[in-house]
1. Report the accessible area of K115, computed with a 1.4 Å probe over the heavy atoms of all protein chains in place, in Å² rounded to the nearest 10.
2. Under the rule a/c < 1.5 gives rounded, and otherwise a/b versus b/c splits prolate from oblate, where does segment 32-105 land using the Cα gyration tensor?
3. If you take every DSSP beta bridge fully contained in segment 92-207, what fraction is antiparallel? Give it as a percent rounded to 5.
4. Subtract the Cα-Cα distance of A233 and I195 from 0.36 nm times their separation in residues, and report this length gain in nm to one decimal.
5. If R₀ is 35 angstrom, what is the calculated FRET efficiency for the pair T154 and S26, using the beta carbon separation as r and rounding to 0.05?
6. If the reach is capped at under 17 angstrom between alpha carbons, list the aspartates and glutamates near K113, excluding any in the same chain fewer than eight residues apart.
7. What net charge do the residues around G6 carry, taking every other residue with its C-beta under 14 Å from that of G6, with Lys and Arg at +1 and Asp and Glu at -1?
8. For a quick check, take a GNM of the chain with Cα springs below 10 Å and name the residue from M22, M52, M155 with the largest mean-square fluctuation.
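The values are calculated or read from the model by the stated rules, or taken from the named source; none is laboratory data. Values in this document were obtained by computation on a predicted structure and should not be read as measured data. Positions of Cβ are backbone-derived with ideal geometry, glycine not excepted, and every protein chain shown enters the neighbour counts. Side chains are part of the model used for accessible areas, which takes the heavy atoms of the whole protein and leaves out ligands, DNA and RNA. Shrake-Rupley method; radii C 1.70, N 1.55, O 1.52, S 1.80 Å.
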Amino acid sequence: MFLFVGRRADSPGILRAESLGMSALSGGIEDLLVHLPDIDLVFDATSARDHMEHAPIILANNCHVINLTPAKLGNFYVPDLSQLSEIPVSGPFNLNMITCGGQTTIPIIAAVKSKFPQIEKVEIVSTISSASAGPATRRNLDEYIENTENAIMTMTGISEAKAILILNPAKPEIAMHTSIYFSANQLIGENIEEIVESVVERIQSYCPGYSTAAHVTQLNDSTFHLALKVIGAGDYLPTYAGNLDIINVAAVAAAEDLARVGVPR
């Protein structure tokens, strides 16, 4: 880590970065521009609107960017599915981490769809603690919905996707819980549970708090439901903020993938 850039000198992020001995600036994209020649990769965790401004500037300086906002820019990236070699990019990468709901559900949806191509529609309902949703999340709810739905359809082959996000103000705070409803035009086969557990085990390799919250339930001949939960590691963010953990660890995995393959700038 070379530099932390924020927009308020007294923000908790700036203060934490300084306490760790890291260089920290508070002038936003203007301060970052000065240092871009020395930087290989930028993690943008601002807001969807701001990323629309930041991404072209960072990419024009021949620097990779990982988009942790729900802005509809960049190539979708999910660690369990994505291969950088399959992403047609000329120049530096902009990798779109989609949303917490997308990272939680897309690997499951893709695996089930590949086994049961008759599935044509999916609906996901994510409930997170209100305390884990900051100002940018609240401003970006429309972008969250649109980016999640678009990523599901693009990455899984599902023809119709619906995403819902619920902010729950309960005390004590609840952990992230996500339901997936699959609909098909004919009877679903068996062994779905085995497919789901296989994907869960893979995701736990980079997000240990990821697990099933409710086993697969057949609601009728053409619809079934399952639920997932994400418990955070609790290293800095509270454990109930699994929604933030899963997108952060996905971004770290994307950065490690870039470093491993040695993608040229």
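1. 130 Å²
2. oblate
3. Details: 8 of 17 bridges.
Antiparallel bridges: around 45 percent, rounded to the nearest 5.
4. Values: separation 38, 0.36 × 38 = 13.68 nm, distance 2.53 nm.
That pair, A233 and I195, stretches by 11.2 nm at full extension.
5. 0.45
6. Of all the aspartates and glutamates, those that pass the test against K113 - Cα under 17 Å, at least 8 places apart if same chain - are D80, E123, E149, E160, E190, E193, E194, E197, D221.
7. -3
8. Checking each option, the largest mean-square fluctuation is seen for M22.
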